[in-house]
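The block underneath contains the structure these notes are about, expressed in structure tokens.
The numbers here are math on the coordinates, done by the rules we state, and not lab data. As the structure is a computational prediction, the values presented were derived from the model and not from experiment. Quick reminder, even Gly has a Cβ in these numbers, built from the backbone with ideal geometry, and neighbours come from all protein chains shown.
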Amino acid sequence: MENQLSFRIANSDDLIDIVKMLSDDTLGATREKFEAKLSENYIRAFENIIKDTNQELTIVEMNGEKIATFHLTFIQYLTHQGGLRAQVEAVRTNSKYRGQGIGKRVFEYIINRAKEKNCIMVQLTTDKKRPDAISFYENIGFIATHEGMKLKL
């Protein structure tokens, strides 16, 4: 079926496409380094992620093309009566597919995947410099309940 999204766990052949999507926006371009030969840091990180059963680095395809990616980490907590949370990171849609409702469909999958794993919540952070992303997350039901803080090392 045309324009059907398919979701699968990333493999090593996907790594360059993932880094390309991560670097293909204003903030990503300042943090990522996309080159034909990826740095060992990306390769090592990818290997660690795929070995960890609590992490899922996912590729989204449509009509045979890789159009989006995201990274889920399932975190066990003692709070919320020992609840499991799904942490969403590195959500990116290929720039030529943005604004077509792909993000909403991706998050429907993410939420359903979290339910399958019996998570009590899906959580994410987004940079305050991304007002469009913040508005998108609010429109699909996310609520800014906490003030996030980071210490860069």
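Odds and ends about this structure:
- Residue match in segment 99-108 (condition: over 21 Å from residue 28 (Cα atoms) and of a type in the set (A, V, I, L, M)): no
- Neighbours by Cβ (under 7 Å, 6+ apart or cross-chain): first from segment 116-129, farther than 16 Å from residue 89 by Cβ; second loosely packed, with under 15 Cβ neighbours inside 10 Å: 120/80; 120/83; 129/27
- Candidates are the residues of segment 67-93 that are of a type in the set (A, V, I, L, M, F, W, C) and surrounded by fewer than 18 Cβ atoms within 10 Å (Cβ to Cβ); the one that is farthest from residue 132 (Cα to Cα) is 78.
- Hey, residue 35 in a loop (DSSP other than H, G, I, E, B), of a type in the set (Asp, Glu) and surrounded by fewer than 15 Cβ atoms within 10 Å (Cβ to Cβ) or not: yes
- Any hit, segment 83-102, residues being touching a residue at least 12 places away in the same chain (Cβ under 8 Å), of a type in the set (D, E, K, R) and in contact with a helix residue (DSSP H, G or I) (Cβ under 7 Å, 6 or more places away or on another chain): yes
- Qualifying residue in segment 84-96 (condition: of a type outside the set (Asp, Glu) and in a loop (DSSP other than H, G, I, E, B)): yes
- Qualifying residue in segment 63-77 (condition: aromatic (Phe, Trp, Tyr) and outside any strand (DSSP E or B)): yes
- Test for residue 139: is it touching a residue at least 40 places away in the same chain (Cβ under 8 Å) and among the polar types (S, T, N, Q): no
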